[in-house]
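A.B. asks: Right, I'll just put the structure down here and ask away after.
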Amino acid sequence: MKRRFAALVLMGGVVAIAAALAMHPLRAAAPIPETAGGAVPSLAPMLKSVTPGVVNIAVKGRQKIENPLLQDPFFRRFFNIPQGQQNYAETQATGSGVIVDAAQGYVLTNAHVVANETSIAVTTKENRRFAAKLVGRDPETDVAVLKIDSDHLTAVPLGDSDKLQVGDFVVAIGNPFGLGQTVTSGIVSALGRSGLGIEGYEDFIQTDASINPGNSGGALVDLKGDLVGINTAILAPGGGNIGIGFAVPINMARKAMDQLVRYGEVKRGRIGVRIQDLTPDLAQAMNTKQINGAVIVQVESGSSADHAGLKTGDLVIAADGVTIHSGTQLRDAIGLTRVGDEVKLTIDRNGSERSVGVKVEMGQQTDQPAVER
């Protein structure tokens with residue numbers, strides 16, 4: 001299953017992978033096939049170890065029928081539909097998932113893949129089929145965690161999406177159009193994509209590796225076979241892949257997963273600030289050499305930010321060692337930190353950097369940008 005949204009975009013191109021293979025050793029060592037023309041690079045050794053950890057997900061569910069006629073008393077009497085009775089339609093959907101913990105049987109997928117579920121079945125590459133339990137789902141990040149009970153599962157090792165760079169080669173693995181497991185390759189086209197209106201928390205990896213309906217919840221891996229993203233959406237004005245796909249970074253998905261496993265839901269954290277992107281005009285007014293970051297424009301009295309000594313005009317340039325490029329990124333980082341934990345912020349105050357530890361607290365709202373962007 002795949003969500004699509006319309007836009008005018010340029011068609012992506014095909015990418016060669018030979019140069020990257022020379023620079024990145026494969027996880028599973030294997031001789032490169034020889035031909036009359038010499039050595040031929042191949043992703044097969046890496047994929048042999050990774051693909052058993054990518055699964056097909058089949059979901060049966062119930063969805064409420066929203067029909068204005070059902071609200072008409074005359075229509076309900078004519079068809080003998082009791083007043084107040086809700087009508088539902090049976091639904092079926094398919095998607096993909098990634099085994100991330102073989103011992104516990106945890107499977108990562110998209111929240112929209114398992115929406116309105118009544119039963120979930122997981123099928124492995126070896127055609128083993130299991131009933132799955134929904135541990136929890138978080139629509140804001142579009143992450144869900146399933147659990148299956150089985151021995152001899154293969155987990156895909158987790159990578160570090162913060163280390164990705166534009167131009168890195170990646171491979172998408174999933175089950176598009178019900179064809180069965182399919183592998184496509186491409187590059188990281190962009191990082192930190194947000195403002196797309198797909199999810200509440202957006203920090204997408206953009207890739208031109210082909211992602212199609214049914215790839216939702218599947219794996220985006222690097223050439224070492226490490227999981228760096230969960231495929232979730234595409235730009236598809238014509239209904240299919242055009243070379244612009246988006247994946248939830250694994251570092252974001254991992255934070256959501258930790259809370260889903262622990263609480264069954266994601267408890268959003270806050271520190272009590274309003275924030276704004278650093279603009280060139282603001283940078284000049286603040287007399288800072290920084291070009292990216294999140295400016296604190298308001299500190300809530302009595303909040304954890306207030307107790308930690310944060311002030312209006314502070315520029316947050318990193319959170320827990322990760323560079324902050326925007327107010328949205330800072331909000332996401334704090335919102336996905338477990339309540340009660342401390343987040344270490346690096347701030348620029350009057351041109352001088354300092355580190356401040358701030359306890360993340362529970363609140364009615366997460367920290368919000370001060371202005372619409």
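A.B. asks: Using only C-alpha positions, report the orientation-averaged shadow area of the convex hull of the stretch 269-369, nm², one decimal. Provide the component values of the computation, followed by the final result.
C.D. replies: Numbers: hull surface 21.4 nm².
Approximately 5.4 nm², given one-decimal rounding.
A.B. asks: Can you sort SER301, SER189 so the residue with the fewest Cβ neighbours within 10 Å comes first?
C.D. replies: Working: SER301 8, SER189 20.
So the residues, fewest neighbours to most, are SER301, SER189.
A.B. asks: If I stretch the segment between GLU361 and ALA103 completely, what's the gain in nm (0.36 nm per residue apart, minus their alpha carbon distance), one decimal?
C.D. replies: Fully extending the segment from GLU361 to ALA103 adds 89.7 nm.
A.B. asks: Students often check this: by mean Cβ neighbours within 10 Å, which of 219-231, 265-277 ranks highest, and how do the rest follow? Walk me through the numbers before you get to the answer.
C.D. replies: Working: 219-231: 25.7, 265-277: 21.3.
In decreasing order of mean packing, 219-231, 265-277 become 219-231, 265-277.
A.B. asks: If packing is taken as the average number of other Cβ atoms within 10 Å across a peptide's residues, how do 88-94, 305-311 rank, most packed first?
C.D. replies: The most tightly packed comes first, giving 305-311, 88-94.
A.B. asks: I need TYR106, TYR201 ordered by Cβ neighbour count within 10 Å, fewest first.
C.D. replies: Listed from fewest to most nearby Cβ atoms, that is TYR106, TYR201.
A.B. asks: Treat the count of other C-beta atoms within 10 Å as a stand-in for reagent exposure and order LYS64, LYS125 from fewest to most.
C.D. replies: LYS64, LYS125
A.B. asks: Relative contact order for the stretch 267-370: what is it in percent, counting Cα pairs under 8 Å that are at least 6 residues apart?
C.D. replies: That works out to 37 percent.
A.B. asks: Rounded to the nearest 0.05, what FRET efficiency do ASN116 and VAL322 have when you use their Cβ-Cβ distance and R0 = 30 Å?
C.D. replies: Details: r = 35 Å, r/R0 = 1.16.
Taking R0 as 30 Å, the efficiency between ASN116 and VAL322 is 0.30.
A.B. asks: Which order, highest average first, do 246-257, 320-331 follow once you tally other Cβ atoms within 10 Å for each residue and take the mean per peptide?
C.D. replies: 246-257, 320-331
Bear in mind these aren't lab numbers, they're just calculated from the coordinates by the rules spelled out. All of these numbers come straight from a predicted model, not from anything done at the bench. Positions of Cβ are backbone-derived with ideal geometry, glycine not excepted, and every protein chain shown enters the neighbour counts.
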